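The values are calculated or read from the model by the stated rules, or taken from the named source; none is laboratory data. Since we're looking at a predicted model, the values are computed, not measured. Cβ sites come from the backbone with ideal geometry, for glycine too, and all protein chains shown count toward neighbours. When the accessible area is computed, the model is the full protein with side chains, heavy atoms only, and any ligands, DNA or RNA have been set aside. Shrake-Rupley method; radii C 1.70, N 1.55, O 1.52, S 1.80 Å.
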Amino acid sequence: MKVAGWIDKLGSIWVEGQLTQINARPGTRTAFLTLRDPSADMSLSVTCSPQLLDRSPVPLTEGARVILYGKLSFFTGRGTISLRATDIRAVGVGELLARIERLRALLAAEGLFDPRLKRPLPFLPGTIGLITARASAAEKDVLTVAQRRWPAVRFEVRNTPVQGPQSVPAILDALKDLDDDPSVDVIILARGGGSVEDLLPFSDEALCRAISRATTPIVSAIGHEPDSPLSDHVADLRAATPTDAAKLVVPDAVAEQALVSELKSRSAAALRNWVEREARGLDMLRHRPVLADPLASLEQRREEVRRLLEAARRDVQRELTTQDTLVEHLRARLSTLGPAATLARGYAVVQRVVAGSDPEVLRSVEDAPPGTQIRVRVADGAVTAAVMGRVK
């Protein structure tokens, strides 16, 4: 009773959540609701007047997002707490979009959308994790397109609710399970199109942070091209549709085989062109004179050396002949002008003989007084004489 009294003093509060169960029988004075947290596994029992449900301007159905105003009550008999609602307001699309935009700004400020954090997808994943609704068109599209593009691809499929209060906890569990599996190389979150309310789980803050923390690359394929939940911005790659996700994750075997064939053809052509070019270069080198006849250059140089040698020999011989002629001319001049020729013409050389010294040519009669010994040289010899006196 004291617990009930203490809770009764708390006053009225506003609580937001998602309706998961509505039990309003005709003729009863109380309707029983279950309000669930959209991103956590917890719920709250709610009671209200059936007229409160009937007066709602927007029909309240299971899965609707609402805000309740009421007072908590503690039932001592069962030991349970319930919220007695006096006002129920459906959360409109405009308000939902505004909240999503505020969350978008918060996550962007924290850097969860930073392109530098995006992990690259493997070229050919061995195993692909797929989180989607059971037997959904999204699951069929991903599996069919992927297996058609690469028949050997393997999938680890986790079927979870993709809308409603149970979706976020189930998706978080599946995401953690696949992220912890070392054989899974990439994870695809896939869901078909839907209203803003239907796509709300993929703009949930807890899911966005889980995607950011994951170590496995994640592809977000939620809705169609115009749809853009927050998971598209946090994921490593956004796909416009589930079919597009399969095309982005799995390469086309036919296209890859064609590319390999084209590259092989281009490589073979490049190799042939290179060989032909090098062969032409070798052929040109082989036909050069120095390689075609290696001794021709030596023969040419030898002939040139021979010509130069003969020219040098002729020049030397010519110079010797010229010098011989010059020597003969000089010899003739010397013979003509020399003392012997002069003596032969009748002249004589008179020398004064002085004892103890060499004979000196007598140049003046003053140098030969009477009695002076002289030596007279003529053409065929020399005689000695003494000066008898001067002749006037």
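What is the local net charge at Ala386, summed over the other residues whose Cβ is closer than 15 Å to its Cβ (Lys, Arg +1; Asp, Glu -1)? Mind showing how you got there, number by number?
Numbers: positive: Arg352, Arg375, Arg390; negative: Asp367.
Overall, the nearby charge balance is +2.
Of (i) 1.09; (ii) 1.57; (iii) 2.97, which one was derived for Cα Rg over 2.2 N^0.38 Å from the structure shown?
Read-out from the structure maps to (iii).
Counting only chymotrypsin sites (Phe, Trp or Tyr not before Pro) that are in a DSSP loop and have at most 16 other C-beta atoms within 10 Å, tell me the longest site-free stretch of the chain.
Working: sites that count: Phe123, Tyr347.
Value returned for the longest uninterrupted segment is 124-346.
Mind checking segment 55-132 for trypsin sites (Lys or Arg not before Pro) that DSSP puts in a loop (not H, G, I, E or B) and that have at most 11 other Cβ atoms within 10 Å? Mind showing how you got there, number by number?
Values: sites: Arg55, Arg65, Lys71, Arg78, Arg84, Arg89, Arg99, Arg102, Arg104, Arg116, Lys118; in loops: Arg55, Arg78, Lys118.
Here the sparse-neighbourhood loop sites are Arg55, Arg78.
Could you check the spin-label model distance between Asp367 and Tyr347? Points 7 Å from the Cα along Cα→Cβ, value in nm.
Going by the 7 Å Cα→Cβ label model, 1.6 nm.
So who's got an amide H within less than 5 Å of the one on Asp198, skipping anything under 5 residues away but keeping other chains? H placed 1.01 Å off N, in plane.
Here nothing satisfies the definition.
What percent antiparallel are the DSSP beta bridges of segment 39-172, to the nearest 5?
About 55 percent, rounded to the nearest 5.
Convert each backbone phi in segment 192-200 into a coupling constant with the Karplus relation 6.51 cos²θ - 1.76 cosθ + 1.60 (shift: θ = phi - 60°), then list the ³J(HN,Hα) values in order as whole Hz, x for Gly and Pro.
Along segment 192-200, the couplings run x, x, x, 6, 4, 5, 5, 8, 4 Hz.
Below 8 Å, C-alpha to C-alpha, sequence gap of six or more: please give me the relative contact order for segment 109-217 in percent.
Working: 139 pairs, mean separation 38.2, N = 109.
Result for segment 109-217 is 35 percent.
For segment 4-50, state which trypsin sites (Lys or Arg not before Pro) are in a DSSP loop and have at most 16 other beta carbons lying within 10 Å of their beta carbon.
Numbers: sites: Lys9, Arg29, Arg36; in loops: Lys9, Arg29.
Passing both the DSSP loop test and the Cβ count: Lys9, Arg29.
HN-Hα J couplings of segment 292-302 from phi, Karplus 6.51/-1.76/1.60, θ = phi - 60°, integer Hz, Gly and Pro as x?
5, 9, x, 7, 4, 5, 5, 4, 4, 5, 5
In a shell of Cβ-Cβ distance under 13 Å around His287, excluding His287 itself, what net charge do Lys and Arg (+1) and Asp and Glu (-1) give?
Working: positive: Arg280, Arg286, Arg288; negative: Asp283, Asp293.
So the environment of His287 carries a net charge of +1.
Give me Rg/Rg_expected for segment 1-46, where Rg uses Cα atoms only and Rg_expected = 2.2 N^0.38 Å with N residues.
On the way: Rg = 13.5 Å, N = 46, 2.2 N^0.38 = 9.4 Å.
Dividing the Cα Rg of segment 1-46 by 2.2 N^0.38 Å gives 1.43.
When the helix-only estimate is applied to the chain (DSSP H runs of n ≥ 4, each -39,500 (n - 2.57), divided by the residue count), what is the mean residue ellipticity at 222 nm, nearest 500 deg cm²/dmol? It would help to have the intermediate numbers written out before the result.
Working: 12 runs with 166 residues, N = 392.
Calculated from helices alone, the mean residue ellipticity at 222 nm is -13500 deg cm²/dmol.
Rank Pro251, Pro339, Pro217 by mean-square fluctuation in a GNM of the chain with C-alpha springs under 10 angstrom and give only the top-ranked residue.
With Cα springs under 10 Å in the chain, the top fluctuation among Pro251, Pro339, Pro217 is at Pro339.
Considering only Ile81, Ile222, Ile131, give the residue with the highest GNM mean-square fluctuation for the chain, with springs between Cα atoms whenever their separation is below 10 Å.
Ile81
Which whole-number percentage describes the relative contact order of the chain, with Cα contacts under 8 Å and a sequence gap of 6 or more? Write out the running numbers ahead of the final one.
Values: 596 pairs, mean separation 40.0, N = 392.
RCO, the chain: 10 percent.
Report the residue, chosen from Leu175, Leu44, Leu362, that carries the largest GNM mean-square fluctuation when the chain is represented by alpha-carbon nodes joined by springs under 10 Å.
Leu362
Show log10 I(q)/I(0) for segment 102-222 at q = 0.10, 0.18 Å⁻¹, two decimals, from a solvent-free Debye sum over equal Cα scatterers.
Computed log10 I(q)/I(0) values: -0.30, -0.99.
Can you work out the accessible area per residue across segment 231-381, with the rest of the protein chains kept in place, probe 1.4 Å, in square angstrom?
Working: 11480 Å² over 151 residues.
Using a 1.4 Å probe on heavy atoms only, each residue of segment 231-381 averages 76 Å².
What does the charge add up to near Thr215, with Lys and Arg as +1, Asp and Glu as -1, over the other residues with Cβ less than 12 Å from its Cβ?
On the way: positive: Arg119, Lys176, Arg213; negative: Asp179, Asp180, Asp181, Asp185, Asp236.
Overall, the nearby charge balance is -2.
Restricting to DSSP loop positions (anything but H, G, I, E, B) with no more than 10 other Cβ atoms inside 10 Å of their own Cβ, which trypsin sites (Lys or Arg not before Pro) remain in segment 168-210? Mind showing how you got there, number by number?
On the way: sites: Lys176, Arg191, Arg209; in loops: none.
Taking segment 168-210 and a limit of 10 other Cβ atoms within 10 Å, no loop trypsin sites (Lys or Arg not before Pro) are found.
Of the lysine pairs in the chain, how many meet both conditions: Cα atoms under 30 Å apart, and a spacing of 8 or more in sequence or different chains?
Lysine pairs meeting both conditions in the chain amount to 9.
Below 8 Å between Cα atoms, with a sequence gap of 6+, how large is the relative contact order for segment 178-306 in percent? Kindly include the intermediate steps, with their values, before the conclusion.
On the way: 123 pairs, mean separation 23.6, N = 129.
Relative contact order for segment 178-306 comes out at 18 percent.
Indicate, rounded to the nearest 5 percent, the antiparallel portion of the DSSP beta bridges found entirely in the chain. All intermediate terms of the calculation are to be shown ahead of the outcome.
Working: 40 of 60 bridges.
Antiparallel bridges: around 65 percent, rounded to the nearest 5.
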